[in-house]
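The values are calculated or read from the model by the stated rules, or taken from the named source; none is laboratory data. Quantities reported herein were computed from a predicted structural model and do not represent experimental measurements. Positions of Cβ are backbone-derived with ideal geometry, glycine not excepted, and every protein chain shown enters the neighbour counts. Surface accessibility is based on the protein's heavy atoms, side chains included, excluding ligands, DNA and RNA. Shrake-Rupley method; radii C 1.70, N 1.55, O 1.52, S 1.80 Å.
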Amino acid sequence: MLEHGRTAARVYAHGELPDAANVRDIRHEISVRADRGPAVLAAEITRRLLPDYGKDLAAAQRFLRDKEQTARARARKVRQLTGALTGDVRTPAHMRSDRWTTIQWYTPGVAVREHRIEVLGDGSRAELTLAALPFPLVKQICELLARHERAAAERGPSPGPRGGRAA
């Protein structure tokens, strides 16, 4: 962006970064005396503004691409989970962020009915909260988890937070 100063004696050149790229407090700005002409202004922008601005802009664009890729991967997992659930399934807009998506579903006829899954990051991890389940179902879930943990231990160490195996 180019703009004149208050007295029109200077021309200011600004390089703006995308707001969504989490690049607060990074400013790219130079000023040049207006009477030096457009060729000098262009040369000064090329020499003084563009090198650092170009690097920071490329980093911001990479950040936004990675963020979008993570959100798409998480959205695929959310669709898979919501398709597998029964009852009143919702993904409330106020319970979403750049880092997670919340799925809620309700079981009719149960005193405490809300169950919740927080799908984290790219969807390779999630937190599950179940409420007011009958004891036999809780026992079956615990047995399933124990079988999964034994099988995972037999396979060896699990991958880091980016990998993961589906249960």
Practice problem: Set the Förster radius R0 to 30 Å, insert the Cβ-Cβ distance between residue 135 and residue 68 as r into 1/(1 + (r/R0)^6), and round the FRET efficiency to 0.05. | Solution: 0.10
Quiz item: So what's the net charge close to residue 26: Lys and Arg +1, Asp and Glu -1, counting the other residues with Cβ under 11 Å from its Cβ?
Solution: -2
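Report, to the nearest whole %, how much of the accessible area of the chain belongs to carbon and sulfur atoms, 1.4 Å probe, protein only.
Values: 6470 of 11970 Å².
C and S fraction of accessible area: 54 percent.
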Quiz prompt | Candidate lysines - alpha carbon under 18 Å from residue 67, same-chain residues fewer than 8 apart omitted | solution = 77
Self-check item: Helix 50-84 vs. the chain, principal-axis angle (Cα, 0 to 90°, nearest 10)
Solution: 20 degrees
Quiz item: How big is D, in µm² s⁻¹, for the chain by Stokes-Einstein at 25 °C and 0.890 mPa s if Rh is the Kirkwood radius over C-alpha pairs?
Solution: 118 µm²/s
Exercise. Note the angle between two axes, namely the Cα long axis of helix 135-155 and the longest principal axis of the Cα atoms of the chain, as a number of degrees from 0 to 90, rounded to the nearest 10.
Key: 60 degrees
Quiz item: In terms of Cα to Cα distance under 15 Å, which aspartates and glutamates are near enough to residue 55, apart from those fewer than 8 places away along the same chain?
Solution: 16, 29
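Please return the longest stretch of the chain lacking exposed loop sites, where trypsin sites (Lys or Arg not before Pro) count only if DSSP places them in a loop and at most 16 other Cβ atoms lie within 10 Å.
In short, 28-98.
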Quiz item: What accessible area per residue, rounded to a whole number of Å², is obtained for region 1-108 using a probe radius of 1.4 Å?
Solution: 70 Å²
